[in-house]
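**Q** Structure below; questions to follow.
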């Protein structure tokens, strides 16, 4: 098994009430690679992601992380294995700062249980500088644009130190410059050797930001294509 592949799935299948929604899907993903996942509603995208992230258990098939077969039976296991997901609906507290949102539930504290704000802002600043994003640790999230809130949500996932980051329709509420800022962040993630699965119905975005594209239809893999070697019409 190739250790350069952060994720590999083989013959992944899932049915509900006898109705197959995922049928023998296999693919792999390398470190520093961005995979676009596309397909109509009901194609199996959501089910596939929920299996990889431990929400569902597959009926058949095997998931490999760094070449080793893993049973991902729950969300906590997926996180321990280095899989983070950013869903379409953001889960941020608007009255808290960027730093507090990124590290919510894991805030640094002293022996008395009091939050250590300098330490919190320091580690958040390092994260912001590493990924070159236009926000500050002390910004109140409720005052940020939708695009910058999306960036905070992604940094919140990155702070868990994942190997694989799954982005579910990340531009659904964005436009123009906000999308460009998001793509800058994704390219920086790629430069830092993160693997990314990018789910979107916007094919122009998928072609721009991904290395390869996997198409699902009726629960089956149609194919995986190099984003630079095919045209948009080939996927429609």
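What follows is calculated from the coordinates using simple rules that are stated; it is not laboratory data. What you see is a predicted model, and the numbers here were worked out from it, not measured in a lab.
**Q** Size of the stretch 111-236 along its principal axes in angstrom, Cα-based, largest extent first?
**A** Here the Cα extents, ordered largest to smallest, are 58, 29, 26 Å.
**Q** If you don't mind, there's one more thing I want to ask. Is it possible to state the helix-based mean residue ellipticity at 222 nm for the chain, with each DSSP H run of 4+ residues giving -39500 (n - 2.57), the sum divided by total residues, to the nearest 500 deg cm²/dmol? What is it?
**A** Roughly -9000 deg cm²/dmol at 222 nm, from the helical runs in the chain.
**Q** Taking only the alpha-carbon positions of the stretch 45-104 and ignoring solvent, what does the Debye formula give for the base-10 log of I(q)/I(0) at q = 0.19, 0.23, 0.28 Å⁻¹?
**A** For the stretch 45-104 at q = 0.19, 0.23, 0.28 Å⁻¹, log10 I(q)/I(0) is -0.76, -0.94, -1.19.
**Q** Follow-up question, since we're still on this one. Over the residues of the stretch 1-72, compute the C-alpha Rg and express it relative to 2.2 N^0.38 Å.
**A** Ratio of Cα Rg to 2.2 N^0.38 Å: 1.09.
**Q** Of 20, 162, 118, which is the most mobile in a GNM of the chain whose springs link Cα atoms less than 10 angstrom apart?
**A** 118
**Q** If you average 1/r over all unlike Cα pairs in the chain and invert the result, what Kirkwood radius do you get in angstrom?
**A** About 18.6 Å for the chain.
**Q** Output the 0 to 90 degree angle, nearest 10, between the alpha-carbon long axis of helix 146-158 and the longest principal axis computed from the alpha carbons of the chain.
**A** Rounded to the nearest ten degrees, it is 80.
**Q** Now, a different point. Across all directions of projection, what mean area in square nanometres is found for the Cα convex hull of the stretch 195-236?
**A** 3.1
**Q** So for the stretch 1-134, what are the equivalent ellipsoid semi-axes in whole Å, largest first, each being the square root of 5 times an eigenvalue of the Cα gyration tensor?
**A** Output for the stretch 1-134: semi-axes of 35, 17, 16 Å.
**Q** May I ask for the angle, rounded to the nearest 10°, between helix 177-191 and the longest principal axis of the chain, with both axes built from Cα atoms and the value confined to 0 to 90°?
**A** Taking Cα atoms only, the helix is inclined about 80 degrees.
**Q** Here's another thing I want to ask about it. Consider all pairwise Cα distances in the stretch 17-57 and report the whole-number % of them above 11 Å.
**A** In whole percent, the share of Cα-Cα pairs in the stretch 17-57 beyond 11 Å is 72.
**Q** Relative to the longest principal Cα axis of the chain, at what angle does helix 117-131 sit, 0 to 90 degrees, rounded to 10?
**A** Compared with the principal axis, the helix lies near 40 degrees.
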